Amino acid sequence: MASTFDGVEHSRCVQTRISSPTDAASAFMSSGSRDINLVAVPTGAMLCCQFVSIPSGFFVLGQRWHKNIGAVDPGFKMCWPFYYRVSHVVTRATITYSAPSRQVPCADNVMVDINLSLTFSIGPSFEDAEAFIYTLGCTRFDEFLAAEVEEGVRGLVYSVTHDRVNDLREEFAQSMLASLSSKFRPFGVQIKNVKVTETRLPRNLAKSLEDTTTGRTRISEVAKRHENTIRVLQDEASQELEQVLRTNARKKQDLLAQCTRYEIEHKEIIDEMVGQARVQEMESKSNMDVRITQAVGNLEVAKSEGMKEAEEIRKSMEIKCEERKVKVTQMANTTVVESEAQLRAAENNSKALVATAGAENNSTAGLEVKRKYELEWQRLQILEVLAKDGRRFVTGEAGKQLLKDMVPGPSQMLKK
């Protein structure tokens with residue numbers, strides 16, 4: 001059933017019968033607003049013809065005994081027999097095909113009307129024209145094309161909501177063009193362009209969307225006015241901020257000038273103080289040099305006096321040492337002489353005692369212990385005197401004997 005969209009009817013591809021091949025041009029030009037003539041079929045001659053005119057600018061297919069013989073060259077043919085015939089004349093023109101669809105449901109179940117326009121042509125070769133005539137045909141091509149276009153439109157529209165229908169024109173056209181080209185190219189049909197010319201929503205929904213658009217427009221205007229007001233306020237604030245920045249910059253410049261002046265004054269004071277410090281330093285160095293010179297002189301004088309006094313002390317001590325040495329030597333000699341005298345006396349006494357002891361031994365054996373005791377006591381007294389009177393230097397055998405007598409050994413103690 002044909003559908004219309006704002007007076008645009010669904011196109012239909014038809015095949016027309018003509019009396020002779022030369023009538024093909026008028027047949028293709030006389031197509032109605034809905035019917036599109038793609039193929040013209042001339043009526044076959046019953047007898048031989050003296051001449052036949054084959055038009056140019058079309059795909060002209062011929063038959064011999066109703067068997068396809070391919071393309072028939074255009075021109076004037078003489079003595080055309082009846083078993084030769086022009087079977088089909090196919091247009092080379094680019095055809096515009098309108099396919100409006102009504103009440104197509106969207107994903108949100110809103111019915112929309114869509115008008116689709118596509119352009120196609122048969123060819124560009126005679127083989128494509130033969131494929132179109134003998135494999136598909138004009139009637140089946142019209143049915144196939146209408147079904148594919150309707151299915152493609154409904155499938156794409158059902159995948160989106162109503163608010164995106166108007167945004168899918170380019171996307172839909174590209175996908176539909178690729179799909180139709182792949183399906184119709186084997187039959188010699190070349191799909192050149194697919195375009196969605198118009199979409200229409202239901203009246204109430206369109207009115208609601210229009211009101212929504214109007215509201216959005218008003219909102220946009222209010223937003224623009226608000227943005228303008230904000231921009232004015234921002235400009236005023238920017239001017240005030242610029243004024244404040246200029247004032248601060250001027251104050252900053254004044255402060256920097258004061259800081260520079262203060263730095264210059266500070267540098268002058270520092271230079272003055274440095275000069276005074278250098279003068280004081282030079283005076284201090286001069287005084288220090290004078291004091292160092294005085295101290296060096298005093299040191300030299302003190303060294304001289306110290307050396308002189310030390311020499312005097314050394315000489316006096318040498319004299320005292322010599323005197324003490326002489327005294328000690330004299331005392332030592334005296335002590336040695338006295339010790340030798342006492343030693344001789346002790347030896348004489350010991351000899352006398354020995355003699356007395358021998359006599360007593362011979363006379364009285366009972367007095368041996370008493371004599372030994374008295375002898376030991378006298379020996380100890382002598383040693384006491386020797387130890388009390390001073391130091392004596394005794395060397396050699398005499399010293400060993402004296403030490404032995406002073407410290408008796410264990411054998412002597414056993415004898416005693």
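The values are calculated or read from the model by the stated rules, or taken from the named source; none is laboratory data. Quick caveat: nothing in here was measured; it's all calculated off a predicted structure. Cβ: placed from backbone, ideal geometry, glycine included. Neighbour counts: every protein chain shown.
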Restricting region 81-95 to residues that are under 23 Å from V52 (Cβ atoms) and hydroxyl-bearing (S, T, Y), the one surrounded by the most Cβ atoms within 10 Å (Cβ to Cβ) turns out to be T91
Filter pass, E148 being assigned by TED's automatic domain parsing to the domain that holds F59, surrounded by fewer than 16 Cβ atoms within 10 Å (Cβ to Cβ) and either among the acidic types (D, E) or at pLDDT 85 or above (or both): no
Would you mind stating whether F132 is in contact with a helix residue (DSSP H, G or I) (Cβ under 6 Å, 6 or more places away or on another chain), crowded, with 18+ Cβ neighbours inside 10 Å and in a helix (DSSP H, G or I)?
yes
So, first residue surrounded by 14 or more Cβ atoms within 10 Å (Cβ to Cβ) in region 55-75, second residue of a type in the set (G, A, S) and not in a loop (DSSP other than H, G, I, E, B), Cβ within less than 6 Å, six or more apart or across chains; the pairs are P55/A24; F58/A24; F59/A129; L61/S87; Q63/S87; V72/G62
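When you scan region 333-350, do you find a residue that is under 30 Å from R371 (Cβ atoms), in contact with a Lys or Arg (Cβ under 6 Å, 6 or more places away or on another chain) and not polar (S, T, N, Q), even just one?
Going through region 333-350, the residues under 30 Å from R371 (Cβ atoms) turn out to be 338-350.
From what is left, the residues that are in contact with a Lys or Arg (Cβ under 6 Å, 6 or more places away or on another chain) are 339.
Next, only the ones that are not polar (S, T, N, Q) stay: none.
No, because not a single residue in region 333-350 is under 30 Å from R371 (Cβ atoms), in contact with a Lys or Arg (Cβ under 6 Å, 6 or more places away or on another chain) and not polar (S, T, N, Q).
Out of D73, D113, I need the residue that is among the acidic types (D, E) and either in a loop (DSSP other than H, G, I, E, B) or not assigned by TED's automatic domain parsing to the domain that holds V157 (or both). Which one?
Working: D113 fails: either in a loop (DSSP other than H, G, I, E, B) or not assigned by TED's automatic domain parsing to the domain that holds V157 (or both).
None of the others qualify; the one that does is D73.
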Boolean, V60 is over 60 Å from the mean Cα position of the chain (by Cα) and at pLDDT below 80: no
Selection from region 96-115 of residues closer than 25 Å to T16 by Cα and either surrounded by 19 or more Cβ atoms within 10 Å (Cβ to Cβ) or touching a His at 6+ places or on another chain (Cβ under 9 Å) (or both) yields Y97, S98, A99, P100
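Within region 82-116, count every residue that is of a type in the set (S, T, Y), under 25 Å from F28 (Cα atoms) and modelled with pLDDT under 85.
Of all residues in region 82-116, those of a type in the set (S, T, Y) come to 83-84, 87, 91, 94, 96-98, 101.
Within this subset, residues satisfying the condition of being under 25 Å from F28 (Cα atoms) are 84, 87, 91, 94, 96-98.
Filter once more, keeping what is modelled with pLDDT under 85: 84, 87.
Here the count works out to 2.
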